[in-house]
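Colleague: This is the structure, below, for whatever I ask next.
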Amino acid sequence: MGFVAFPSAVVASSLNCYIVRSPEIDTGISLVDADGNDVLPGETSVEAARRGVNSTTLSRAILQAPVYFVPPLLLRTAFKGFVASNPALTVPLTTYLLLVSFGIGLPSTVAIFPQMSEIKADEAEEKYQNLRDKDGKPYEVFYYNKGL
């Protein structure tokens, strides 16, 4: 019964992220080459934006796991004797463990998907599929900033 709020937090956090970031899907985001140069200045990729928003939304869902599961697990195992002998410190200890779990969990879940993500040229929109770099070679991969 202690983890009833977990699914609610996952849905709320993910939905919030998706709703806030969903306009990016409509407008698209810029694709760049390996040097960070815009491959089609003024043009955007809706497919890259969709992938960026979806990966960010998934990382927000995963973030809830350490916050909800690590503090209770530690309180019932590693700190069991301490909590039993010092019940007045349960709330401060729980708060501390929650903050530490969030502090470790946030960078960990953000790092699951790289900030600068890749999309293969043949998976991008048609306007990107036959582009050539400054040396005349066709692009195989483009990069985009997925956002946080």
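Colleague: When residues of segment 115-148 are filtered for being assigned to a loop (DSSP other than H, G, I, E, B) and open to solvent by 80 Å² or more (accessible area, probe 1.4 Å), how many remain?
Modeller: 6
Colleague: If only one of Gly28, Gly81 is out of contact with any Leu (no Cβ under 7 Å at 6 or more places or on another chain), crowded, with 16+ Cβ neighbours inside 10 Å and free of Cβ contacts under 8 Å to residues at least 60 places away in the same chain, which one is it?
Modeller: The conditions single out Gly28.
Colleague: Going through Leu58, Leu63, Leu99, Leu74 one at a time, which residue ends up being under 26 Å from Ala12 (Cβ atoms), open to solvent by 50 Å² or more (accessible area, probe 1.4 Å) and either touching a residue at least 24 places away in the same chain (Cβ under 8 Å) or not in a helix (DSSP H, G or I) (or both)?
Modeller: Leu58
The values are calculated or read from the model by the stated rules, or taken from the named source; none is laboratory data. What you see is a predicted model, and the numbers here were worked out from it, not measured in a lab. Cβ sites come from the backbone with ideal geometry, for glycine too, and all protein chains shown count toward neighbours. Accessible surface areas use protein heavy atoms only, side chains included; no ligands, DNA or RNA. Shrake-Rupley method; radii C 1.70, N 1.55, O 1.52, S 1.80 Å.
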